[in-house]
């Protein structure tokens, strides 16, 4: 053993101890959030609250949320601080989503490689984490820039938030060190901790990395969700009531947590897919093309795996927004933000179409796919039809003459397609059809050998047809033949129907194709170049969609820093038009993609240099 | 490098498509600017003006129509005709066994509904077996109406139902805490902002506003010249218009102090806007 090897071990051990220390700090500090005063026990006194304390102890008084004027917002020339903070926050979110998601599926792929003893999985997992390493430092840099921007341009808001989240912000800083340490050990120790017990140690470090990363995200989510649904403060003054846990555990925290975890996985998959597409297009050897085709396919499966449940997590979040504040919910879905959902429909339509298109192109890898290719045009037509239903607005913005000619703000035939039951129906069918594309792709190269294969396929076909009929029935019945209060009641049974299709098809498939024969060896790399652009469309659409939805989530607070607690009195407190918001989102997305493509390009030239050596 | 450029071009193309559609493919709804606290000159207000103020708050700052509308049907109608008018249903609801409040008159019932929304929840519009209302307390939080503004909304709703307007205009009512702390309103930058700032639409049909108390101003530039329009703003009682929706306009309906309240540029912008409204 060389000195260097020993040094590496020592370094890793030190970093591991750091992780454990920081993790321990967090665990021991978390209960502190909850052991402070009960909000009900807090005493209000002339705009301040006093934490209820035991006799003899010093009383802690909390100031109210500051009431700001234009003069409280530092202005540097004609520089627009709102746009700067908006773009920097969005860039941080994109990179953070990526670097938090990648370790989740890297760990799963690594474990899969260990279980199947297939080295290809291990190599791919390593390449995934390698891509995220450059993004990790950029995330940290942009996070620092965001903090700096808030301190400079919104000092009172930052001070107020820091006063409420003091302990969790401190925990966040320690956890950041812990995450850095665990990530570096995980990445640099990949080849050192190979084989036998060492691999278990490596997987454990990956688990610690994911745990720490997730806690980091949950803490950051608490700050964001608090600004939408403040809790743990006096509703009249905004003064802290004494329990940081109550501030963290606000009404929208958990719905936002779930939505972000799922979205991060889908987004991480899409960016890795774009990386694989970039490498595929730049590869000249068959081996490289095959490798990156496989990598792109796996990333696409991950992205789709996140994309399919995402609408339901989004639906829950929206439902909870309505439950928290009907006013906020209607502003979101029926007020000034409603038209943004047409934009969302375009983007999600682009996502589903590109996912399906990629799967259809992927069938060229198999000689057995000719059995199914003739059906693709029907699936394509149905997906487009669903997209158009989702795309149809409810209320039209019309001139008086147009209004008279139409007889109202709704179109006679298309108007009914604008309401949520129609859209829920469309999205569920779109998910089922995408899953159908995936199912056809998976069985394209297989021939089932079990005696009941024909019956099994018939049952599957019946499940698909029955589910689609049931989803349409539920949507039509509840949407158009019941009272308003029950209009969206179909959503839960519709989602359940979709889940039933996915679960039962997978179960039947796994039994039916056990010991199945391959038509011919899969030809990885044998896909047209245009399929790789479908992967890019996925990444680009996801990026823009996240930017747009981030704006909506934040924008529905309108002229409030913290909804109904701390008003935004800056000159930029207005709610922008859709066009204006789209321009800012696009500018941020272009910067993000430029950095991402630059990272890809750097990795390419680095790989070329390594190959030359 | 060729692949790099191709992908950059592809990404730019995709982003251009998205931003192009967002700018040119869907209507550009301009959200209302953040509400500003107005100091109410209640002492000089007639009941008609007070009702018009209630109308403006009901359809604007109060955000009542977000839920109380016929489209989404998320909350019962309040300002419709007959049974859709809350004031006409109030007495019936006060006798309902589910009623938990202390009101005895329609005026008190409406006020109570705004300040203690769960005192009575109309069947089908609440949670927990219609015991919990989703309506926010409108004197708190992001809406935060003052007591005088609440009274104005009540006056509007009673008038809309065609019943006696029992609410009194608060005399010398102290401005709300928020009004005291509010900064002076920024000068309007466009004629639309002038119209919104001075609440012209509460009485007049003008721009996108649909006021129905004063004369329709959407084509006023066709029949009135510039000196007339200047005079009409500065001294509204100098010429009494005859084309109010209900017949000849009543003298004293229009506040006489707009000339003092508007800045020079706001006044000029409004006059030129009206002159060009043909």
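Yes/no per residue for (1) closer than 28 Å to residue A:560 by Cβ; (2) at pLDDT 95 or above:
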{"position": "A:141", "(1), (2)": "no, no"}
{"position": "A:146", "(1), (2)": "yes, yes"}
{"position": "A:163", "(1), (2)": "yes, no"}
{"position": "A:167", "(1), (2)": "yes, no"}
{"position": "A:173", "(1), (2)": "yes, no"}
{"position": "A:176", "(1), (2)": "no, no"}
message: I'd like the full set of residues that are out of contact with any helix residue (DSSP H, G or I) (no Cβ under 7 Å at 6 or more places or on another chain) and either facing chain B (nearest Cβ under 10 Å) or on the phi > 0 side of the Ramachandran plot (or both), limited to the stretch A:316-330.
response: A:323, A:324, A:325, A:326
message: From the list A:346, A:336, exactly one residue is at pLDDT below 85, within 14 Å of another protein chain (Cβ to nearest Cβ) and not in a helix (DSSP H, G or I). Which is it?
response: A:336
statement: Those residues of the stretch A:216-255 that are within 14 Å of another protein chain (Cβ to nearest Cβ) and either touching a helix residue (DSSP H, G or I) at 6+ places or on another chain (Cβ under 6 Å) or part of a loop (DSSP other than H, G, I, E, B) (or both) come to a total of 9
Members of the stretch B:120-146 that are away from chain A (no Cβ under 14 Å) and either more than 21 Å from residue B:62 (Cβ to Cβ) or at pLDDT 90 or above (or both): B:120, B:131
statement: Restricting the stretch A:358-398 to residues that are in contact with a helix residue (DSSP H, G or I) (Cβ under 8 Å, 6 or more places away or on another chain) and assigned to a loop (DSSP other than H, G, I, E, B), the one modelled with the lowest pLDDT turns out to be A:398
field: Members of the stretch B:115-125 found to be on the phi < 0 side of the Ramachandran plot and surrounded by fewer than 20 Cβ atoms within 10 Å (Cβ to Cβ), listed by number
entry: B:115, B:116, B:117, B:118, B:119, B:122, B:123, B:125
- prompt: Does residue A:506 satisfy being more than 14 Å from every other protein chain (Cβ to nearest Cβ) and closer than 30 Å to residue A:284 by Cα?
  reply: no
query: Out of the stretch B:69-103, which residues are modelled with pLDDT of 85 or more and within 14 Å of chain A (Cβ to nearest Cβ)?
result: B:76, B:77
Which numbered condition residue A:515 fails, given (1) touching a helix residue (DSSP H, G or I) at 6+ places or on another chain (Cβ under 7 Å); (2) away from chain B (no Cβ under 14 Å): (1)
task: Could you list all residues from the stretch B:1-42 that are more than 30 Å from residue A:282 (Cα to Cα), more than 7 Å from chain A (Cβ to nearest Cβ) and in a loop (DSSP other than H, G, I, E, B)?
output: B:32, B:35, B:36, B:37, B:38, B:39, B:40, B:41
query: Right, residue A:496: away from chain B (no Cβ under 14 Å), under 30 Å from residue A:415 (Cα atoms) and either crowded, with 18+ Cβ neighbours inside 10 Å or free of Cβ contacts under 8 Å to residues at least 60 places away in the same chain (or both) or not?
result: yes
message: Which of the numbered conditions does residue A:474 fail, given that it passes all the others? Conditions: (1) over 30 Å from residue B:76 (Cα atoms); (2) touching a helix residue (DSSP H, G or I) at 6+ places or on another chain (Cβ under 7 Å); (3) not in a loop (DSSP other than H, G, I, E, B).
response: (1)
query: Regarding residue B:106, is this residue away from chain A (no Cβ under 14 Å) and buried (at least 17 other Cβ atoms within 10 Å of the Cβ)?
result: yes
message: Residues that are within 14 Å of another protein chain (Cβ to nearest Cβ), out of contact with any strand residue (DSSP E or B) (no Cβ under 6 Å at 6 or more places or on another chain), in a helix (DSSP H, G or I) and touching a residue at least 40 places away in the same chain (Cβ under 8 Å): does the stretch A:260-269 have at least one?
response: no
message: Quick check on the stretch A:585-613: of everything there that is more than 9 Å from chain B (Cβ to nearest Cβ) and either more than 29 Å from residue A:269 (Cα to Cα) or touching a helix residue (DSSP H, G or I) at 6+ places or on another chain (Cβ under 6 Å) (or both), which residue is modelled with the lowest pLDDT?
response: A:613
message: Cβ-Cβ distance below 7 Å, separation of 6 or more or different chains: which pairs start in the stretch A:144-155 with a residue that is without any contact (Cβ under 8 Å) to a residue 60 or more places away in the chain and end on one that is surrounded by fewer than 18 Cβ atoms within 10 Å (Cβ to Cβ)?
response: A:151/A:158
Residue in the stretch A:531-547 that is crowded, with 19+ Cβ neighbours inside 10 Å, more than 9 Å from chain B (Cβ to nearest Cβ), in contact with a helix residue (DSSP H, G or I) (Cβ under 7 Å, 6 or more places away or on another chain) and in a loop (DSSP other than H, G, I, E, B) present: no
statement: Within the stretch A:556-578, the residues that are outside any loop (DSSP other than H, G, I, E, B), modelled with pLDDT of 90 or more and either within 9 Å of chain B (Cβ to nearest Cβ) or under 24 Å from the mean Cα position of the chain (by Cα) (or both) are A:560, A:561, A:562, A:567
query: If you go through the stretch B:43-61 one residue at a time, do you hit one that is out of contact with any helix residue (DSSP H, G or I) (no Cβ under 8 Å at 6 or more places or on another chain), assigned to a loop (DSSP other than H, G, I, E, B) and within 14 Å of chain A (Cβ to nearest Cβ)?
result: yes
query: Counting only residues that are modelled with pLDDT of 55 or more and either within 11 Å of chain A (Cβ to nearest Cβ) or not in a helix (DSSP H, G or I) (or both), which one in the stretch B:177-192 is surrounded by the most Cβ atoms within 10 Å (Cβ to Cβ)?
result: B:188
field: the stretch A:277-300, subset surrounded by fewer than 18 Cβ atoms within 10 Å (Cβ to Cβ) and assigned to a helix (DSSP H, G or I), residue nearest to the other protein chains (Cβ to nearest Cβ)
entry: A:288
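The values are calculated or read from the model by the stated rules, or taken from the named source; none is laboratory data. In this text, all values refer to a predicted model and were calculated from it rather than measured experimentally. When we count neighbours, we look across all protein chains shown, and the Cβ atoms used for this are built from the backbone with ideal geometry, even at glycine.
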